[in-house]
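The values are calculated or read from the model by the stated rules, or taken from the named source; none is laboratory data. For clarity, every value in this text was computed on a predicted model and none was experimentally measured. Virtual Cβ from ideal backbone geometry, glycine too; neighbours counted across all protein chains shown. To get the accessible areas, we keep the full protein, side chains included, count just its heavy atoms, and leave off ligands, DNA and RNA. Shrake-Rupley method; radii C 1.70, N 1.55, O 1.52, S 1.80 Å.
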Amino acid sequence: MSIDRTVQGLINEIKLTREFKELKQAIKNLDKYKDIKEEIESLQKKQMELLSSNKSPREAKSNMKIIEQQFKSLSKHPNVNNMIKSKTSFNKMMNNIYEKINKALNSELNQ
């Protein structure tokens, strides 16, 4: 079996998980609030730009605090809060998958 087919099988299995379904629904619910969704996307873009910038650690930390406060304010909206919780749960599941793959491959490398 080719690796691409195996990866596609894993993707299909991930799509069947509770975490994926809940995240998909949370995103769909948030789509009803275009202004909030645009604000979240803007904050995410600012976060990514900040992480890739050459600002001093002190300045970056200060700017990150401002962005985090804006996220916190947005998270008071129930749909935003639900999306954040769903995304956290999904990311935790994906991290567990990665850790299992990594552990299994490292085990094979060390034999």
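Could you identify the single residue in Ile14, Ile36 that is modelled with pLDDT of 95 or more and either under 16 Å from the mean Cα position of the chain (by Cα) or of a type outside the set (Asp, Glu) (or both)? Step through it out loud before you land on a result.
Numbers: Ile36 fails: modelled with pLDDT of 95 or more.
Among Ile14, Ile36, only Ile14 is modelled with pLDDT of 95 or more and either under 16 Å from the mean Cα position of the chain (by Cα) or of a type outside the set (Asp, Glu) (or both).
Could you please let me know if Lys61 is farther than 20 Å from Glu19 by Cβ, in a loop (DSSP other than H, G, I, E, B) and not aliphatic (A, V, I, L, M)?
Working: farther than 20 Å from Glu19 by Cβ: yes; in a loop (DSSP other than H, G, I, E, B): no; not aliphatic (A, V, I, L, M): yes.
So Lys61 fails the test.
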Practice problem: Might you check whether a residue that is surrounded by 14 or more Cβ atoms within 10 Å (Cβ to Cβ) and within 15 Å of the chain's Cα centre (by Cα) occurs anywhere in segment 53-65? | Solution: no
Exercise. Please find, within segment 66-111, the residue that is surrounded by the most Cβ atoms within 10 Å (Cβ to Cβ) out of those that are under 27 Å from Glu39 (Cβ atoms) and among the aliphatic types (A, V, I, L, M).
Key: Met83
Practice problem: Output the number of the condition that Lys34 fails; it satisfies all remaining conditions of (1) open to solvent by less than 50 Å² (accessible area, probe 1.4 Å); (2) of a type outside the set (A, V, I, L, M); (3) over 25 Å from Lys92 (Cβ atoms). | Solution: (1)
Quiz item: If the Cβ limit is 8 Å and pairs must be 6+ apart or interchain, which residue in segment 65-79 that is touching a residue at least 12 places away in the same chain (Cβ under 8 Å) pairs with which residue that is part of a helix (DSSP H, G or I) and of a type in the set (S, T, N, Q)?
Solution: Ile67/Gln47; Asn79/Asn29
